Every structure is written in C-alpha cells, then in structure tokens.
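*Asks:* Have a look at this one.
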Amino acid sequence: MEYVLQSTKSASQKIDLEKLIHESLKDSQQVNGKVAIILMAHWDRITPSIIHMINSFQHHHKNKLCMYTIGLKTRKNCPKIMNETGCGFSICEKSIATGFGMADFVKQAFLKQISRPVDIPIPNHQLNVPTPVLSANDSDSDGVPDHQDSCPDTPMHLLVNDEGCWKPDMIFFQKDQSTLEPEAYPVLNELFNMLQRNPSLTLEIHGHTCNTHTSQYNEALSLRRAASAREYLIQKGISSDRIVIKGMAQVKPIQPNTSEENRAKNRRVEFRLHSYQN
C-alpha cells in the first residue's frame, strides 16, 4: 500500500484517487474470501468513472468486495452514490463523529455473529492428509493464477473477472442517433486509462444497429456510432493511429429484433484489443 500511495501522488502531492482505487481493487483479486475497502474522500472527488470501476468489479466478482464509502465535507444530506449491490454502504463523516457512531460502523462493517462451532472428531486415517499445492504463477500479473486464468496474456492495469479475462462494457445509443449518452463516458474513460497505460495496444471499435432501416443506412449509422467513441478517445489524448473503427450495421445482433427493448440493446458499440503493429 505504501508503494501504491507513493506512485499515485502528483507533483502537487495530491493522490490520484482513481488510480489508487484501481490498484486496491487489483490487489484484492489476490486475496481469498471477501475484501473490505473503506474509502474516505470528498464526495466531489468520487467521479462517475470511479463509481463505474467499483460497480464493474462487483459485477465480475460477486460476493467478494464490500465497499464502505465515507463522504467528507458534506453540507447537505448524505448522498448515496454507490450501487450497493452485494456488500457495503455509504455514509457521511458526521455518522462516525461520535464514539457510538464509530462503534456502530465497525459493528456493521466487520463484525458478524456466529454460532460456536461444534468439535467434530476426525478419524485417525484422515489425519496427515497432504494438501495439494497449486502453482501460484501469475505470468500476466492480473491477480488470477495461471492455472485458473482463461486469458493468460491480459494487458496490465485491467480489472479482470474470476477467469482472468477483461470484458469491457458496451455503450448504447438512442434510436437513429450516434451521440454519446452520459452512461458512455465512464466506459470510455476506463478505456482511455487502459490505452494510456498500455502503449503497445490498439483498440478496435465496432458500431452496431437494430434492423429498423435499410442495410445501407444502418452501415453508415453504425460507423458514425463507432466514430463518436473514437473521437472522444482522441480528444482525451490517444493517438488516432491506435484506434480502428468498423460499421457492422444490423448483421450481428445480441438480441433478436423482435421488440423495442431488444432493439435498444442492439444499438450499441463494442470494443476489442489488439497488439500494436508498426
């Protein structure tokens, strides 16, 4: 943790909160059982990108992470900013300002009542059974041992699932539109951070549509959707030669185009990583 803190300070000695949380989540993948993270920060420093990162980790590692957020310098009522799926909650600093409040926080976060275990005699023939030793090698440093890793060449600085694979979220669009929705920015910011920290990688962006128009119209629309994502990343500082876009029109739906709900899921952009080629 000392190394993480030192590596996330800028010249002004302010901690890069997003990078600190990213490294903490990455370290937690190497811990067996549940992990509790207590985050104390000003509410305005907990950005949508950070919230998306935490919720994405909770989604891929169900029942592993308990996230407790303590907001500082809050003048109004304490907002609930975290998606509290799984385990954890958000509170304000005033909630733990007293000894009683702090004791209650510790009780809720860390203590659990359990019944006293019953001693069960172990037969003699079951004693001294050797425990199999598994290799702890992690060649791609993603926190998942090689013997459990389905994606052994994952680039560094990515939050992976229990199988060791990085599966980026898709971004979605309104009907006939190629304008980025607010929900797209946390996904794109995560991609920007990944590309910035892995200069040897390129990104392929695939635009998709539903089936409500002609193939020619949909191909152009899907290309514009991919271009919107590409343009955002270029404006953030990623070189244009590292991003390739493709318009897939309506030929690869992820849901049958049998209802408006399904068609909305098909109006999307997907992302793929590749090694950089000079």
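*Asks:* A 27 angstrom limit on the alpha carbon distance is what I want to check against. Which of LYS64/LYS167; LYS167/LYS236; LYS64/LYS246; LYS19/LYS246 exceed it? Intermediate results must be reported in sequence, preceding the final value.
*Replies:* Values: LYS64/LYS167 18 Å; LYS167/LYS236 22 Å; LYS64/LYS246 37 Å; LYS19/LYS246 31 Å.
In this structure, LYS64/LYS246; LYS19/LYS246 exceed 27 Å between Cα atoms.
*Asks:* Can I ask one more? Kindly state, to the nearest 0.05, the FRET efficiency for GLU204 paired with GLN30, given R0 = 35 Å and r defined as their beta-carbon distance. Mind dumping the intermediate values first?
*Replies:* Numbers: r = 30 Å, r/R0 = 0.86.
Once the sixth-power term is evaluated, E becomes 0.70.
*Asks:* For every other residue with a beta carbon closer than 14 angstrom to the beta carbon of CYS210, add +1 if it is Lys or Arg and -1 if Asp or Glu, then tell me the sum. Show your work: numbers first, answer last.
*Replies:* Details: positive: LYS175, ARG225, LYS252, ARG263, LYS265, ARG267, ARG268; negative: ASP176, GLU219, GLU260, GLU261.
Counting the neighbours of CYS210, the net charge comes to +3.
*Asks:* If you add up the charges near GLU260, with Lys and Arg at +1 and Asp and Glu at -1, over every other residue whose beta carbon is less than 12 angstrom from its beta carbon, what do you get? Mind showing how you got there, number by number?
*Replies:* On the way: positive: LYS175, ARG263, LYS265, ARG267; negative: GLU261.
That works out to +3.
*Asks:* Taking R0 as 22 Å, what's the FRET efficiency between THR212 and THR179 from their Cβ-Cβ distance, rounded to 0.05? Walk me through the intermediate numbers first.
*Replies:* Values: r = 17 Å, r/R0 = 0.80.
It comes out at approximately 0.80.
*Asks:* On a full-extension model of 0.36 nm per residue, what is the gain between LYS236 and ILE51, subtracting their alpha-carbon distance, rounded to one decimal in nm? Kindly include the intermediate steps, with their values, before the conclusion.
*Replies:* On the way: separation 185, 0.36 × 185 = 66.60 nm, distance 1.97 nm.
Between LYS236 and ILE51, full extension yields 64.6 nm more.
*Asks:* Right, something else. Once the piece of chain linking ASN137 and LYS246 is laid out straight, how much longer is it, given 0.36 nm per residue of separation minus the C-alpha distance between them?
*Replies:* Details: separation 109, 0.36 × 109 = 39.24 nm, distance 3.73 nm.
Value of the extension gain: 35.5 nm.
*Asks:* Between LEU17 and MET102, what is the label-point separation in nm under the 7 Å Cα-to-beta-carbon projection?
*Replies:* That separation, rounded to one decimal, is 2.2 nm.
Every number here is computed from the coordinates shown, using simple stated rules; none is lab data. Because the structure is a prediction, the values reported are computed rather than measured. All Cβ positions, even for glycine, are placed from backbone atoms using ideal geometry, and neighbour counts span all protein chains on display.
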